[in-house]
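Read-outs throughout are calculated quantities, based only on the coordinates presented, and are distinct from any laboratory measurement. Not measured: the values here are computed from a predicted model. Neighbour counts are summed over all protein chains in view; Cβ atoms, including those assigned to glycine, are modelled from backbone coordinates with ideal geometry.
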Amino acid sequence: MNAVLTRPQEQDLLRMLLIRHFELALLDLFAAGALHGTTHTCLGQEYVPVAVSGLLHPDDVVLSNHRGHGHYLARFDDPEGLLAEIMGRAGALCGGVGGSQHLYRPTFLSTGIQGENVTLATGIALHMRNTPGRRIAVVYTGDGTWGEGAVYEALNMAALWQVPLLIVVENNGIAQSTPTRAHMAGTVAARAAAFGVPHRKIHGCDVEAIRVELASLVDAVRGGGGPAVVEFDTFRLGPHSKGDDTRSPSELEALLARDWTVHYRDRHGAQYDVADTCQSERIALVVKDIGTRPLASGEAIWTGHTA
């Protein structure tokens, strides 16, 4: 018998499926020649930002990276603004000038420059430490970014200053086309320990279980305990960028068998199928709407300061 989804569980599933169908739509749009530039999808990793977002407050600040559509959509239910930005159409989040990788909205900022967001997050977290409130800065990185020196400079300062910073590492085992074992000596845990920063590694894709495991760690960061690193053992199903996947079909098939959708479909049956259809249809309507809009004006919708 399938487990019945509670209302909060249903909302989490809908958000994960929203991200999944958004990313699939982007790959279809690129294949059809309807998009320009580049994009990096988070297929397979959708549960990570959904789990983390459930532990955040509205005034916390999230800093994202080049693979950040899921980070944005987990934070804001706004596929229209994001797709308009990527397609350069009216209603674009940043007037169509930021594109897929460089997004801004109050409490959210992304950059395609590897490692830069960790330094920015450290500065924002320092500001938070020195002002009233219990806000935290959350920054998403990949395993490949841990080859950037800026990450360690930021970790050093974050630990020295005891700032409220949560570093989320989406370790998907591959940096563009290079396996992690071929580009990283040692482990993320050992590197965090070198700076005296707590580290937690997360296995599995159940959003509720992840939140239970991380709740006390996030509370400690929020309460003045200094920075922490959370490392997700995850994987991406899609290419690094559009169609540049060098992995073998058998390797991709093995990953598909471990996809979070398999876990949720097996557990929730018909409820999963209803949610999946709902979000598939929603994104199809969003794509149709945005595709008929005029070009963006270049004027950003959102103004103000990130922190």
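For the reader, a short list of remarks on this structure follows.
- Across the range 41-119, Cα-Cα pairs farther apart than 22 Å form 18% of the total.
- Only beta bridges with both residues in the chain are counted; by DSSP, about 20 percent of them are antiparallel.
- Considering all different alpha carbon pairs of the range 63-104, the Kirkwood hydrodynamic radius works out to 9.9 Å.
- Kirkwood Rh and Cα Rg combined as Rg/Rh, the range 154-307: 1.03
- Rounded to 5, the percent of DSSP beta bridges in the range 168-307 classed as antiparallel: 20
- Per-residue ellipticity at 222 nm, computed for the chain from helices alone with -39500 (n - 2.57) per DSSP H run of at least four residues, works out to -14000 deg cm²/dmol.
- Here semi-axes √(5λ) of the Cα gyration tensor in Å was computed from the coordinates, and among (1) 42, 20, 16; (2) 50, 22, 15; (3) 28, 23, 20 the match is (3).
- Near-label residues of the range 190-222 by backbone N, under 12 Å of a point 7 Å along Cα→Cβ of Asp266: 205
- For the range 127-166: rounded, prolate or oblate by the Cα gyration tensor [a/c cutoff 1.5]: oblate
- Restriction of the chymotrypsin sites (Phe, Trp or Tyr not before Pro) in the range 26-124 to DSSP coil positions whose beta-carbon has at most 16 other beta-carbons within 10 angstrom yields Phe76.
- Taking all Cα pairs closer than 8 Å and separated by 6 or more residues, the relative contact order of the range 27-110 comes to 28 percent.
- In the distance distribution for the range 1-50, Cα-Cα pairs more than 17 Å apart total 47 percent.
- Cα coordinate range in the range 103-227, projected on the principal axes (Å, largest first): 44, 32, 32
- Mean-position separation - Cα centroids, the range 230-307 and the range 118-161, in angstrom: 27
- Taking a ≥ b ≥ c as the square roots of the eigenvalues of the alpha-carbon gyration tensor, the range 56-165 is classed oblate because a/c is 1.5 or more while a/b is no larger than b/c.
- Sorted largest first, extent of the range 216-287 alpha carbons per principal axis (Å): 43, 34, 29
- Using C-alpha pairs under 8 Å with a sequence gap of at least 6, the mean separation divided by the residue count of the chain gives a relative contact order of 27 percent.
- Placing pseudo-labels 7 Å out from each Cα toward the beta carbon at Val274 and Arg181 gives an inter-label distance of 4.4 nm.
- Average projection, convex hull of the Cα set of the range 5-94: 6.4 square nanometres.
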